[in-house]
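One structure is given here, and the rest of the page talks about it.
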Number of protein chains: 4
Amino acid sequence: MARPLSEEKRTAILAAAAEAVADLGVGAPTAKIAALAGVAEGTLFTYFESKDALFNQLYIDLKLEAGVRMIAGYRSGRDLPDRWRQVWDQYIEWGVANASSRKALGQLEASDRIGESARYVGAQAAQDVAAELYEGRNIGLLGEQSSNFIAGIFVALGDMTLDFIDREPERRERLKRAGFKALWNVISGR
Amino acid sequence: MARPLSEEKRTAILAAAAEAVADLGVGAPTAKIAALAGVAEGTLFTYFESKDALFNQLYIDLKLEAGVRMIAGYRSGRDLPDRWRQVWDQYIEWGVANASSRKALGQLEASDRIGESARYVGAQAAQDVAAELYEGRNIGLLGEQSSNFIAGIFVALGDMTLDFIDREPERRERLKRAGFKALWNVISGR
Amino acid sequence: MARPLSEEKRTAILAAAAEAVADLGVGAPTAKIAALAGVAEGTLFTYFESKDALFNQLYIDLKLEAGVRMIAGYRSGRDLPDRWRQVWDQYIEWGVANASSRKALGQLEASDRIGESARYVGAQAAQDVAAELYEGRNIGLLGEQSSNFIAGIFVALGDMTLDFIDREPERRERLKRAGFKALWNVISGR
Amino acid sequence: MARPLSEEKRTAILAAAAEAVADLGVGAPTAKIAALAGVAEGTLFTYFESKDALFNQLYIDLKLEAGVRMIAGYRSGRDLPDRWRQVWDQYIEWGVANASSRKALGQLEASDRIGESARYVGAQAAQDVAAELYEGRNIGLLGEQSSNFIAGIFVALGDMTLDFIDREPERRERLKRAGFKALWNVISGR
DNA sequence: TATGAATGAGTGTTCATTCAT
DNA sequence: CATGAATGAACACTCATTCAT
C-alpha cells in the first residue's frame, strides 16, 4: 500500500495512541485510540498494519522527537560544560512539558511489543546526541567507555530527575540543577 | 483447621508470577501463572484476592529482596568508598543473578497495577539502604540532597548498568566497574 | 455508515433470550443465547451493553407484548362484563400460546436483575389495560381501590389460571371459564 | 448416613439459606450460606447432599411453615366467612412478619432447582388448609372446582395482597381487608 | 478509502463440590 | 464429624482484526 491518503489522520492516530498509552498503558484498546483520533475503528488498520506496528512507529517517533528537542538550539561554540548543560536543560524541559509523551515512552519501553529494529532506531537517536557532545574525546576516567555508555548515563539520570520532578514539581529548578551536577560529576570526574 | 494454607504454594505462586511477568509482562494470564506454580487456576485466588493483589505482593517482595541482598554482608568497618562499592557490587550481582526478577520488577513498576501503598513500601527499601550508607553526613556537593535522591541515582545507574550487562554479558566486569566509577564520581564530586 | 445494526439480529437475540430464560432461568449463559440467536458470542454485546441490559429490555418487551395482546380487538361497544371477558380471554389465550414468554417473564420478575425503571414501564402496561376497563367508575365494593389493585387481581388470577392450564391442558376451557368467574365475582361483588 | 449429629446445625443452615436466598436469590453461594450459619463450607454438605437438596428441603419447610401458621388458632366453631377470614388474616400476618421467608419462597418457586416431589409436598400444604375450610361443600358457582383451585385462588390473592403491602406498608390494614373482600367475593359469588 | 458491525479466542474470577487433615 | 484448602469447569465480557457496505 502506498502512502495513505491523509497524513493528517495518520498523525492524529499517533497522537491519540500516545495519549491513550500514557493513560492506560499498552493495554489501551485500539477502539479507544481510534475514537480519540476521531476516526473509525477500522481506519486505524488502514494506516497501521496492526497494533504492534502502530506502537513501534509511535516509539520511534517519540524517541526521535526527544532527540530533536534535545539538540534544538545547541550551540557548539560554547565550552564543554555549557554545552552539556544546555542539552541537559533541553531534555528536562522537554520531559516536563511532554510528561505524557514520556509516560507513553516508558510504557512502550517496558512492553514486549517493541521489536529490535524500533529499539535500534530509538537507541540511535540518543547516541547521536551523545556523540555530538562527546566529540570523540576522552572524558575523565570514563574515557574508555563508548559514547553509548555516556548516553545511557545521561538518559538514566535525566529520567530519574524527571521522575522526581513529577512527584515534587515545586522543586523543579533545584532538582534540575542537582541532576546536572550529578551528571557533570560523572563526566568530569577523574 | 483443615489443610492449612501452604507457605510453599504461596511461594510457588509468587515465583511463577515473577517468571511469567518477566516473560510476558503484566498481561501474563493467571491461568499460566497457576500452571507454572503447579496449582489449579482457582487456587491462585485462595492465596491472593486478585491478580492485582498478587502483583502488588510480588512487587513488594522483589523490592525487599533486592534491598536485603544489597546490604547482605555489608561491613560497616571499612572506609566509605569501600562500603559503597560493596553495596554496588551486591546490587549488580543480584541483578545479574536474578535477571528475570529484575525484568519482572521493571514490568510491574511501569504498570498501573501497583498501588500507592506497595510503591511506598518498595521505595522505603531503597531508601533504607541509602540511609545506611549516607549516615547523615554531607557527601560532596550533593550534600543538600536528601538520601532519597541519592537512592534514586544509585538505582538509576545500577539499572542502566544492568541493562548494558544484559546486552553485553561478556563485558560484565568492566561495565560493573565503570558504573561504579560513575556513581562514585557523583558522590565524591565537589 | 458501514453495515447498519440489524433489527433482525436484535430481535433474534431477544427471542433467543426469552427461550433460554424460559428453559434455564436467568442463569442462562450469554453464549447459549447468542448461539440460539445464530450470532457470535460477542455480537450479543454490540446489541446490548450487558446481560442485565438485555434482560431488562426483554422484560419490557414481554410486558408490553402481553399488554398489547390483551387489548387487541377490544371493542368498547359491548357491555361491561363482555368487555372484561374479552380481555380475560385474550390474556389467557396469549398465555397459552406463549407459554415460554410467560415463563421467561416469571423468571425475570423474580430475579434481581430487573431495575426499577424497567419494572415501572412493565407495571404501566398492566395498569393501562386495567384503566381502560375501569373507566373511572366504581366497581362494586372494591370501588375504593385503585385501578392498580384491580390490575393486580387480574394478573394474579390470570397467572394462577395459566399455571393450572399448564398442568392440565385438557381442562383448558373449563379452567378459563372458572378463572373468569372468579374474576367477575370479585369485580361485581357487593 | 443416619441423622446427622447436630439438629441445631441443620436448622441453622436452613435458616441461613432462607436469609441468603431472600437477599441474593438462588444464586446465593453455598459458602455464604455456610458462613451465615456459622459452620464451615464443607459442613453444609454433610447435612445436605447438594445445594439442590438443601433448597428443596428449604422449600418444603417454608411451605409447611406457612401452612401451619395459617391454621394456627383456627376455630372450627365459627361460621364460614369468619373461618375464612381468620385463615386469611393469619396468612397475611405471617407474610408480613416473615417477609424474607416469603421472598425466599418466591425465589425458590421460580427457580428450576425445585423438583416435582418437593413441589408436590408444598402444594399439599396449601390444599390441606383449603380442604379444611372447603369441607367438601359446594361453594357458590365455583362449586364444581376442586379444592385445589380454591387453594390456588387463595394463594394468588394472598401473595398479590402481600406484594402490595410490601410496597405500601402504611396501607396494610386497608389492603388486607380489600384482599379478603376479593377472596370472599370469589367464594360466595353465585 | 472509510466505516463500524461481526467475530471468537482469551481473560479474571466465582463457586459447588471433594478430600486431606 | 468438622474444617477449609483445592479443584477446574463455567461465565460475562473485551478486543484486535476482518470485511460487508
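Each reported figure results from applying straightforward, stated rules to the coordinates on display, with no laboratory input. This structure is a prediction, so every number in the text was calculated from the model and none was measured. Positions of Cβ are backbone-derived with ideal geometry, glycine not excepted, and every protein chain shown enters the neighbour counts.
Peptide B:111-119 has a mean shielding of 1, counted as Cβ atoms of other protein chains within 10 Å of each residue's Cβ.
Globularity index of the stretch A:51-92 is 1.52 (Cα radius of gyration / 2.2 N^0.38 Å, N = number of residues).
Under a 10 Å cutoff between Cα atoms, tell me which one of D:A125, D:A18, D:A40 has the largest fluctuation in the Gaussian network model of chain D. In this elastic network of chain D, the residue with the biggest mean-square fluctuation among D:A125, D:A18, D:A40 is D:A40.
Take the cross-link list D:K9/D:K103; B:K103/B:K176; C:K181/D:K103; B:K51/B:K176; A:K103/A:K176 and give me the ones stretching past 28 Å between alpha-carbons. Please report the intermediate quantities before stating the final value.
Details: D:K9/D:K103 23 Å; B:K103/B:K176 18 Å; C:K181/D:K103 30 Å; B:K51/B:K176 36 Å; A:K103/A:K176 18 Å.
The pairs that break the limit, which is 28 Å between Cα atoms, are C:K181/D:K103; B:K51/B:K176.
Percent of Cα pairs in the stretch B:19-112 per distance bin of 5 Å, from zero to the largest separation: 2, 13, 20, 19, 15, 11, 8, 6, 4, 2, 0.
Taking the Cβ of each residue in D:R167, C:R83 as the centre, tally the other Cβ atoms inside 10 Å and list the residues starting with the fewest.
Details: D:R167 10, C:R83 17.
If I rank by nearby Cβ atoms, fewest first, I get D:R167, C:R83.
Membrane-span-like helices in chain A: DSSP H runs reaching 27 Å or more (Cα, own axis), mean Kyte hydropathy at least 0.5? Counting only whole DSSP H runs, the qualifying helices are A:147-167.
The alpha-carbon atoms of the protein assembly as shown, seen along their principal axes, cover 116, 69, 41 angstrom, with the largest extent given first. Note on chain A: Rg/Rh from Cα positions, Kirkwood definition for Rh, rounded to two decimals, is 1.02.
Each residue, D:E65 and B:T11, gets one label point 7 Å from its Cα in the Cβ direction; the gap between the two is 5.0 nm.
Each of D:V21, C:V26, A:V68 was scored by other Cβ atoms within 10 Å of its Cβ. Arranged with the fewest first, they read A:V68, C:V26, D:V21.
Would you mind ranking B:E19, A:E168, A:E116 so that the residue whose beta carbon has the fewest other beta carbons within 10 Å leads the list? Intermediate values should be presented prior to the final figure.
Details: B:E19 19, A:E168 11, A:E116 7.
Arranged by neighbour count, lowest to highest, B:E19, A:E168, A:E116 become A:E116, A:E168, B:E19.
Largest mean-square fluctuation among D:Y59, D:Y91, D:Y120, in a Gaussian network model of chain D whose springs join Cα atoms under 10 Å apart, belongs to D:Y120. Inter-copy label distances at B:R3, using a point 7 Å along Cα-to-Cβ, come to 3.4, 4.7, 6.5 nm with the shortest given first.
Shown for D:V121: label points 7 Å from Cα along the beta-carbon vector, and their distances to the equivalent points in the other copies, 4.1, 5.1, 7.4 nm in ascending order.
Averaging 1/r over each pair of different alpha-carbon atoms in the stretch D:13-58 and inverting the result gives 10.0 Å, the Kirkwood hydrodynamic radius. Each of B:A131 and C:K32 was given a label point 7 Å from its Cα along the Cα-to-Cβ line. The distance between the two points is 6.0 nm.
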